[in-house]
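Heads up: the structure comes next, in structure tokens.
The values are calculated or read from the model by the stated rules, or taken from the named source; none is laboratory data. Bear in mind the structure is a predicted one, so any value in this text is a computation, not a measurement. When we count neighbours, we look across all protein chains shown, and the Cβ atoms used for this are built from the backbone with ideal geometry, even at glycine. Remember, those area values only see protein heavy atoms, side chains included, never the ligands or the DNA or RNA. Shrake-Rupley method; radii C 1.70, N 1.55, O 1.52, S 1.80 Å.
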Amino acid sequence: MPRTEFIATGFHVPERVVTNDDLATMMDTSDEWISQRSGIKTRHWVSDGETGATLAREAAHQALARAGMKPADLDCIVYCTCTPDHFEPGNGVFLERELGLRDVPALDVRNQCSGFVYGLSVADAWIRAGQYRRVLLVGAEVHSRGLDRTTRGRDTTVLFGDGAGVAILGPTDDPRRGVLSTHLYADGRHAEKLWVDAPGLAHDPYISEELIRAGKHRAVMDGREVFKFASVLMPQSVATALKANGLSPADLKLLVPHQANLRIMEMVQKTIGLRDDQIYMNIQKYGNTTAASIPIALHEALCEGRLGRGDLLVLTAFGSGFTWASAAIRW
Ligand code: COA
């Protein structure tokens, strides 16, 4: 059975940069509070005309160019987002249309910050089974239009940003390389600790002025609980990925964690016992871009030469659900 390799990556963020000082003009917050608690300095927000699908399209074109491929060479799209452009259908078909494709299957993955690793697991299974040979795996989010830009929403609004990251995946016959394993987890007991209640068909009607007035269409988060679980479960998922492959932290060239919060990533680093050069962090520039954060970070790490052929890469994610996941990859 072949393994799955990353053929090329790409990313795209909107041009508009929003600084912590910009946020302080909209709500009662400060650069000091945001920097100390999250490490974030800037994030990107979409402007008129930009959507999740257009961000993903730009990232996809970049990866296709790096791979020397055309959209028609793709035979499947796996699109991971928790901020779809529309309630229905999912964003996969909108991206397919943006890429000028027809007849290519488009799967939508709704696993929030763990979306990219969940999507990787599905794409990896399809590629190893021989069902698809060229899979475009996308993580893309537009948070900014859903954020409460008043003081009421400050605990979540300051953390999230917009962006898209993609990977083109395909089979390799080199037994020493590719995705070694993926490990997925979920615990729905914590579903309401980071969620957007409405619109939702649990409500009748599923959207109403009353729901909007109550702010039910905004992301709400129990930040302390999220922090507590993330800083335990992310290192645990990395340990599982290493153990499953008979490896140890010393073997790790690079850990690319979901960029949730600088303090969470520092806890992860400390718990596993990694040197600074073994973990990649770019949350300072982009904030938390949910399903896009890992592919954006991976792309930047590659551009900076942090990963070479044969190196061991581990991905780990944690987010709303709670869901969490890891993947071990021999580059
Ligand atoms: N600016 C200024 N003050 C803020 C603020 C903001 N943006 N957001 C909240 N505050 C205030 C609170 O209202 C509170 O004020 P009070 O003490 O007068 O009630 C105070 O700051 C402290 O709030 P608290 O929630 O105790 O802060 P914290 O130290 O737990 O930090 C988070 C809050 C959100 C930064 C932190 O819990 C966290 O990082 N959680 C994980 C979030 C995350 O990663 N989510 C994504 C997961 S995928």
Report whether or not ALA297 is open to solvent by 10 Å² or more (accessible area, probe 1.4 Å), touching a Phe, Trp or Tyr at 6+ places or on another chain (Cβ under 7 Å) and within 26 Å of VAL142 (Cα to Cα).
no
Qualifying residue in segment 122-139 (condition: assigned to a helix (DSSP H, G or I), in the same structural domain as GLY68 (by TED's automatic domain parsing), under 22 Å from THR51 (Cα atoms) and in contact (Cβ under 8 Å) with a residue 12 or more places away in the chain)
no
Can you run down the residue pairs with Cβ atoms below 9 Å, 6 or more apart or on separate chains, where the first is in segment 60-73 and of a type in the set (D, E, K, R) and the partner is part of a helix (DSSP H, G or I)?
LYS70/LEU64; ASP73/LEU64; ASP73/ALA67
Taking segment 300-314 and the residues there that are open to solvent by less than 10 Å² (accessible area, probe 1.4 Å) and out of contact with any Ser or Thr (no Cβ under 8 Å at 6 or more places or on another chain), the one that is farthest from the ligand (Cβ to nearest atom) would be LEU312
Is it the case that ALA317 is under 27 Å from ARG110 (Cβ atoms) and buried (at least 17 other Cβ atoms within 10 Å of the Cβ)?
yes
Looking only at segment 196-218, decide whether some residue is at pLDDT 95 or above, assigned to a loop (DSSP other than H, G, I, E, B) and touching a Cys at 6+ places or on another chain (Cβ under 6 Å).
no
Do you know which of the residues in segment 147-163 that are in a loop (DSSP other than H, G, I, E, B) and near the ligand (Cβ under 10 Å from one of its atoms) is surrounded by the fewest Cβ atoms within 10 Å (Cβ to Cβ)?
LEU159
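Yes/no matrix, rows are residues, columns are (1) under 30 Å from ASP124 (Cβ atoms); (2) within 13 Å of the ligand (Cβ to nearest atom); (3) in contact with a helix residue (DSSP H, G or I) (Cβ under 7 Å, 6 or more places away or on another chain); (4) open to solvent by less than 20 Å² (accessible area, probe 1.4 Å):
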{"residue": "PRO2", "(1), (2), (3), (4)": "yes, no, yes, no"}
{"residue": "GLU5", "(1), (2), (3), (4)": "yes, no, no, no"}
{"residue": "GLY10", "(1), (2), (3), (4)": "yes, no, yes, yes"}
{"residue": "VAL13", "(1), (2), (3), (4)": "yes, no, yes, no"}
Selection status of GLY39, in the same structural domain as VAL166 (by TED's automatic domain parsing) and more than 16 Å from the ligand (Cβ to nearest atom):
no
Residue count for segment 130-146, restricted to those that are within 24 Å of ALA72 (Cα to Cα) and surrounded by fewer than 24 Cβ atoms within 10 Å (Cβ to Cβ)
5
Does THR19 satisfy the criteria of being over 14 Å from VAL142 (Cα atoms) and surrounded by 18 or more Cβ atoms within 10 Å (Cβ to Cβ)?
no
